[in-house]
Amino acid sequence: MGPSIVIVDDHPAIVDGVRAWCARARPEIRVLAAGPRVEVALEEPDAEAVVFDLQLAPGTPAFGDLTRLVDAGRRVVVYSQHADSDTALRCLELGAATYLTKAEGPEHLIPALYAVVQDRPYTPPVLGGAMAADRRPDRPVLSEREREVLLAWFESDSKQLVAQRFHLSVKTVDTYIGRVRIKYADAGRPATTKAALVARALQDGLIDLAGL
Amino acid sequence: MAPVSGELDGELSARLLRGLRIAQTVITLVILFGLTLPNLLAAVAAYHPAWAAPVGWALLVAVAAVDALLVARHCFWGRARAPVALGVLALAVTMPLALDPAELGGPAQGTLGVVGWIWVLLFAGAPLRGLVALILGHLLIVLGLLVATGRTDRVTLVAFGITAVAVTSFQLAVALAGSALRAVARQAVEAAESEARARTAEEVARTVHADREARYAELRAVALPLLQGIGEGTLDPSDAQVQQAAARAAARLRRMFAEEGDADDALAAELAALIDIAERRGVVVRYSERGPRPVPPPDAAGALLASAEAALHAARAAARVTLAGVGGAVVVGVVTDGAARVPLPDVADVGTSTVEAGGATWVEARWAPRS
């Protein structure tokens, strides 16, 4: 049986769209509940992940609601119309599992959900671009190659093209992108979701203890 | 924003501090010429050798003169501060050694009151710790000399104490005023900056609002006729042309709603124009930008755009366009479903690369200035 999720979004069209993608997915993703308020997700403890719209009300992004979900141990896939780097990186810092812009939904939302319910990292291209261009003073330290691969992933949205360009295998490209995500999980405010991500990466051999 | 604020901060506190430094210089010169000089001239005979008095005085005047020059040139002592301050301390210790012990602590010891002022000059714009340590250390050494020469009678000690407290408190008060002035200047600058930020935010909000209005006007022009036509049945949703028009409109709507971007500049605007042309041909374009970007010189920007234009020209149905600022470089990426022939740029610091895989062509043009 496939994973189960909750959708928090105030826009019925988005909820319907995500429901349709989930129904078509194989294995099927079950939508346990959907609604415009974060309580919908908090009251559904069996959901393995939450698709969360950052803009529930006009004005400021709902960072407070995101923090509540993370503190409740939920794996949150932020699904946002905001496309600026600061918002994306702030969500990761608060403990979101991953961050997708609404333009990336058709290709990346379903694979992101499969990955995050297994506590595996998933970095869609725009989030990768935000990490590659991150200039904040307390950002994680990336190697030159990691930054180049992330930038290439952002530009091309194709791991095959990235692999071709740097003469790497697609798997190695995946490893670079995954490792950077773990570096971000290892920075900033601690959260159980971040710990789960790091633990899983250790089990998968994506990183080793020395790399932390 | 940061360099501007630094300049403003520097300018205002420098102006305030300079006024104070000029006042300090005047005080010190008046004391050197009006008080120290007559006292030393009257006591030349008490110094062994006698030339110690005028030479010592001349050295102090020289330091004050150099400081006056620095004030005039808006400079501080910097690295020279510590050695010069210690040299003055050495002078303040050796001159009393050349003085008749009976005159110690009195007017004949011309350095007693004035060296503190010299240090106040030296420590303008620097933390007060060093100044306080020097002044107190100097007083303790003089006290030690009094004790060593047996001048421990009450009258001498009380007179020394009064001189020490009176002179030192004046000097420290003036130095503290300098510190306070810097703090006030900083606060004033912060207040001015926060006001400027608020004004900027308002201006940005106004611009964004106007921009949104313009975009919704465009939306009405692009999407409404299409929706109206489908609603009224004059346009057939199964018609390939109608589908293409709908895809075009949808792509534009996505771009309008996404409120993309970490920066806004001419390069992004030109790129948007190229995307617009491709969309008019029916190509569905996805656009993303990331990272703060420096502004490339016109020929480099032209080369980046030429590469993007050639790549977009080859697109048949879909394209991905990205604009990124990474580590001081500006990178324009175009991925299309066509085979692009990209011109080789002949512009300094601009390079391109083309990668093909799985029917997709990815053209990247990068401006990386050698700094």
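Every number in this text was worked out from the coordinates using simple rules, so none of it is lab data. Values in this document were obtained by computation on a predicted structure and should not be read as measured data. Ideal geometry is used to build each Cβ from the backbone, glycine not excepted, and the neighbour counts take in all protein chains shown.
Across region B:273-284, the qualifying residues are those that are surrounded by fewer than 17 Cβ atoms within 10 Å (Cβ to Cβ) and in a helix (DSSP H, G or I), and the one among them that is nearest to the other protein chains (Cβ to nearest Cβ) is B:Asp276. Of all residues in region B:354-371, which are surrounded by fewer than 20 Cβ atoms within 10 Å (Cβ to Cβ) and within 41 Å of the chain's Cα centre (by Cα)? Of everything in region B:354-371, those that are surrounded by fewer than 20 Cβ atoms within 10 Å (Cβ to Cβ) and within 41 Å of the chain's Cα centre (by Cα) turn out to be B:Thr354, B:Ala368, B:Pro369, B:Arg370, B:Ser371. When both residues are 6+ apart or on different chains and their Cβ atoms are under 8 Å apart, which pairs have a first residue that lies in region B:289-309 and is within 13 Å of chain A (Cβ to nearest Cβ), and a second that is buried (at least 16 other Cβ atoms within 10 Å of the Cβ) and among the polar types (S, T, N, Q)? These pairs meet every condition: B:Glu289/B:Thr322; B:Arg290/A:Ser85; B:Arg290/B:Thr322; B:Gly291/A:Ser85; B:Ser307/B:Thr352. Among the residues making up region B:104-130, those that are in a loop (DSSP other than H, G, I, E, B), more than 17 Å from B:Ala177 (Cβ to Cβ) and aliphatic (A, V, I, L, M) are B:Leu104, B:Ala108. Cβ separations smaller than 6 Å between residues 6+ apart or across chains give the following pairs from region B:122-137 residues that are farther than 16 Å from B:Ala92 by Cα to residues that are of a type in the set (D, E, K, R): B:Ala124/B:Arg21. Of the numbered criteria (1) under 15 Å from the mean Cα position of the chain (by Cα); (2) touching a residue at least 24 places away in the same chain (Cβ under 8 Å), the one A:Arg139 fails is (1).
For region A:180-197, a residue qualifies if it is within 14 Å of the chain's Cα centre (by Cα) and farther than 15 Å from A:Leu142 by Cα, and the qualifying residues are A:Thr193, A:Lys194, A:Ala196, A:Leu197.
In summary, helices (runs of 4 or more DSSP H) completely within region A:16-104 and bearing 2 or more residues that are within 14 Å of another protein chain (Cβ to nearest Cβ) and either in contact with a Ser or Thr (Cβ under 8 Å, 6 or more places away or on another chain) or surrounded by fewer than 21 Cβ atoms within 10 Å (Cβ to Cβ) (or both) occur at A:85-94. Taken over region B:340-353, the criterion of being within 14 Å of chain A (Cβ to nearest Cβ), crowded, with 18+ Cβ neighbours inside 10 Å and within 42 Å of the chain's Cα centre (by Cα) is satisfied by B:Thr352 alone. For region B:226-252, filtering for residues that are out of contact with any helix residue (DSSP H, G or I) (no Cβ under 8 Å at 6 or more places or on another chain) and under 23 Å from B:Arg286 (Cα atoms) leaves 7. The number of residues in region A:145-160 that are within 18 Å of the chain's Cα centre (by Cα), facing chain B (nearest Cβ under 8 Å) and over 19 Å from B:Ala368 (Cα atoms) comes to 2. Across region B:285-304, which residue is farthest from B:Leu344 (Cα to Cα) among those that are buried (at least 18 other Cβ atoms within 10 Å of the Cβ) and among the aliphatic types (A, V, I, L, M)? Per the criteria, the residue is B:Val285.
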